[in-house]
Amino acid sequence: MSQTITIDPVTRLEGHGKITLYLDDQGNVENAQFHVTQVRGFEKFSEGRPFYEMPSLMARICGICPVSHLIASAKACEAIMSVRIPHTAAQLRRMLNLAQMVQSHALSFFYLSSPDLLLGLDSDPASRHLFGVVAAKPELGRAGVGLRRFGQHIIELLGKKRIHPGWVIPGGVTEPLEQAKRDEILAMLPEAYANIKLALDWYKQIADSFKPEADVFASFPSLFMGLINEDESVEFTDGALRLIDPRGGIVADGITANQFTEVIGEAVEPYSYTKFAYYKPLGYPEGSYRVGPLARLNIAQSMGTPLADIELKQFKQLALGPVQSSFHYHHARLIDILYGLEKIEQILTDPLILDKHVRATAGVNRLEGAGQAEAPRGTLHHHYKVDENGLITWANLVIATGQNNNAMNRGVLQAAKHYIKDGKFTEGILNRVEAVVRTFDPCLSCSTHALGQMPLAISLVSADGELVDQVIR
Amino acid sequence: MNTGTARCLILACGNTLREDDGVGPFLASWAEERFSSAQGVRVLIQHQWAPELSAEIADAQTAIFLDCAVNASPGSVTLSPVEAATEIPRLFTHHLDAATLLALARDYYSALPSRALLLTIGAASLELREAFSETVKAALPAAQRTLEEAVLSLLETAGQRK
């Protein structure tokens, strides 16, 4: 008799999720589904709103990455306005986006995943959390808190709020950077560098002990996509998209926001509210791809900053071509943070960074516009249509978590098949299945635009549909 | 972070778009103005209390947490001492209560405010609205008086510690 395992809710994620594992008659895993069980609908209720309200409305989608929504949305609005924003405004936005990436990655790595990495995937779940981390390695916990505060404090300095800042608007930003704030951020950098160095040094020491997990945590060939500069360095806010194949060959390059829908399609599945993005020429699901830290490092030839470039060289030695295991998202996330610190320092020493000209103005000059940016979890695309009065008639958002959706499902299946035999499993095994999802750091609230906090659940279902076991957290 | 040591840290939590849930942020904004000339009063207003606040708490000489309470009688104003938790909730990362935040400050930074208080106001309604229920509106003067006295008392404690 076949069975089903349900993990519900999946813990230590951004949003609500559930995993169902379908077993065959022998109790081995036949299929797996990662369900995103919440729904919101921002695209629909933004209809009828003036386009210039969109950035602040869209930022409310997420409390972790509101800045990326602000930026992608503002860029879509600027396409409607047909304006190019001032250099200083572009640099300030880039800094804000990087600060958000640092705090979001700090949350993912230190708060959500470091308990598994430090204490072990089989450790007692009662202490597999931040208090367990501080008991075992307090300096690591403090480094995480420090990096999260660093990113949040920059967001607060620039946007006046840690969450849902409103500083980014269509045309630029509302006000220039004050010298005192620049100096304050520069003064915070040495501590932030020390924190990320501590984390990277520690991670590189322990990474090899997770090789068995790395071999089965969504470790398979796939396409990768992300923003990149003309010099092939990593980019978070401007640039254009590049897609590479599993061997590293360039499949598509220089994709602007306006060209996005020519290349990327979206499919739906009945078991999840999150859409499944795919590369159109290969169709669905063959054209599924991955985005986010791992993809960014795989598509880039350099980070464009000295310390992160050294780390990128080491990272690329993990594989002959693109690094395929999603376990290495953790490592890539730390390199992203280091890059973010260096880039913020570069931006703050730009001679024009205190310039007062930070906003361009215009009305409706086009009836359609799209914008894209790298959110911490990967590429984010906003696409709007407006009427002659600038009221939104249609909106579509393609979120990083939707673009990783197929890979997450495949990854859960791969790990579940490897670990669950004869219908038998332990808490540590289920934690590994959840940890596959955690490597992607999905933001379920973003991907479905859903309401709510965090948790996930795993169900074990027999071949005749009977619920055999369920773990709910 | 260059925030300086607070003699009294006022930490509010709540969503101002959810009716009475916004009472903590409202009171914190009121206190920020009321104590604008007092040295060392720091006000932090958050949607949720997250682990990184432990660093600010560890730095503070005294602290008062402001929140609405869904399990209390609507409109009731309750001020009580709060201690670092000894039992840690198993599932958390985004939202912590005052006792857990204090425990994080203790465990991460080996430091705690010399006194910590929790001021709660019983919520009558948490609907999507940027205004308080009549019950909570009526309780605001009492809540402001209690908060004022509590902050003055905490500042005195901080002064004594110096």
Relative contact order (%) - chain B, alpha-carbon pairs under 8 angstrom, separation at least six: 32
Going 7 Å from the Cα of residue A:187 in the Cα-to-Cβ direction, what parts of the stretch A:140-155 have a backbone nitrogen less than 16 Å from that spot? A:150, A:153-154
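Which order do the peptides A:23-32, A:417-426, A:345-354, A:397-406 come out in when sorted by mean C-beta neighbours inside 10 angstrom, highest first?
With the highest mean Cβ count within 10 Å placed first, the list reads A:397-406, A:23-32, A:417-426, A:345-354.
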Sequence order, the stretch A:374-381: Karplus ³J(HN,Hα) from phi using 6.51 cos²θ - 1.76 cosθ + 1.60, θ = phi - 60°, Hz rounded, Gly and Pro as x, gives 8, 7, x, 8, x, 5, 10, 10
Using 1/(1 + (r/R0)^6) with R0 = 22 angstrom and r between the beta carbons of residue A:231 and residue A:360, what's the FRET efficiency to the nearest 0.05? 0.30
Below 8 Å between Cα atoms, with a sequence gap of 6+, how large is the relative contact order for chain A in percent? 34
For q = 0.08, 0.16 Å⁻¹, Debye-computed log10 I/I(0) when each Cα of the stretch A:73-226 counts as one equal scatterer: -0.33, -0.97
Using θ = phi - 60° and the Karplus form 6.51 cos²θ - 1.76 cosθ + 1.60, what ³J(HN,Hα) does each residue of the stretch A:221-235 get, whole Hz, x for Gly and Pro? x, 7, 6, 9, 9, x, 7, 8, 7, 4, 7, 6, 9, 4, 9
Out of B:41, B:14, B:29 - ranked by how far each Cα lies towards the positive end of the dipole of the stretch B:8-161, with unit charges on the beta-carbon of charged residues - the top one is B:41
Compute the distance in nm between two label points, each set 7 Å from the Cα along the Cα-to-Cβ direction, one at residue A:389 and one at residue B:110. 6.6
Say the cut-off is 23 Å between C-alpha atoms; which of A:137/A:417; A:161/A:181; A:211/A:316; A:75/A:385; A:275/A:385; A:181/A:356 go over it? A:137/A:417
Given unit charges at Cβ for Lys, Arg (+) and Asp, Glu (-), the dipole magnitude of chain A about its Cα centre in debye, nearest 20, is 720
Along the stretch A:355-371, Karplus-curve 3J(HN,Hα) (6.51, -1.76, 1.60; θ = phi - 60°) to the nearest Hz, with x for Gly and Pro, reads 4, 8, 7, 10, 8, 10, 10, 5, x, 7, 10, 9, 9, 8, x, 9, x
Find which of B:80, A:437, B:96 sits farthest along the positive direction of the dipole of the protein assembly as shown, computed with +1 on the beta-carbon of Lys and Arg, -1 on that of Asp and Glu, about the Cα centre. B:80
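Set the Förster radius R0 to 35 Å, insert the Cβ-Cβ distance between residue B:80 and residue A:194 as r into 1/(1 + (r/R0)^6), and round the FRET efficiency to 0.05.
Step by step, r from the Cβ atoms, then E = 0.35.
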Anything in chain A that counts as a DSSP H helix reaching 20 Å or more along its axis (C-alpha) with Kyte-Doolittle mean of at least 0.5? List them, would you? A:66-81
Taking the Cα centre of the stretch B:8-161 as origin and charging only Cβ (+1 Lys, Arg; -1 Asp, Glu), how large is the dipole, in debye to the nearest 20? 200
Positive-end extreme of charge dipole, chain A - chosen from A:189, A:277, A:131 (charges on Cβ): A:189
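With viscosity set to 0.692 mPa s and temperature to 37 °C, compute the Stokes-Einstein D of chain A, Rh being the Kirkwood radius across alpha carbon pairs; µm²/s, no decimals.
Values: Rh = 22.3 Å.
My calculation gives 147 µm²/s for D.
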Residues whose modelled amide H sits under 5 Å from the amide H of residue B:115, counting only those 5 or more places away in sequence or on another chain, are B:63
Classify the stretch B:61-162: rounded, prolate or oblate, from the alpha-carbon gyration tensor (a ≥ b ≥ c, eigenvalue square roots; a/c under 1.5 rounded; otherwise prolate if a/b is larger than b/c)? oblate
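Where a number appears in this text, it was derived from the coordinates with a stated rule and is not lab data. The structure displayed is predicted, hence computed values, not measured ones. Don't worry about glycine lacking a Cβ; one is built from the backbone with ideal geometry, like all the others, and counts go over all protein chains shown.
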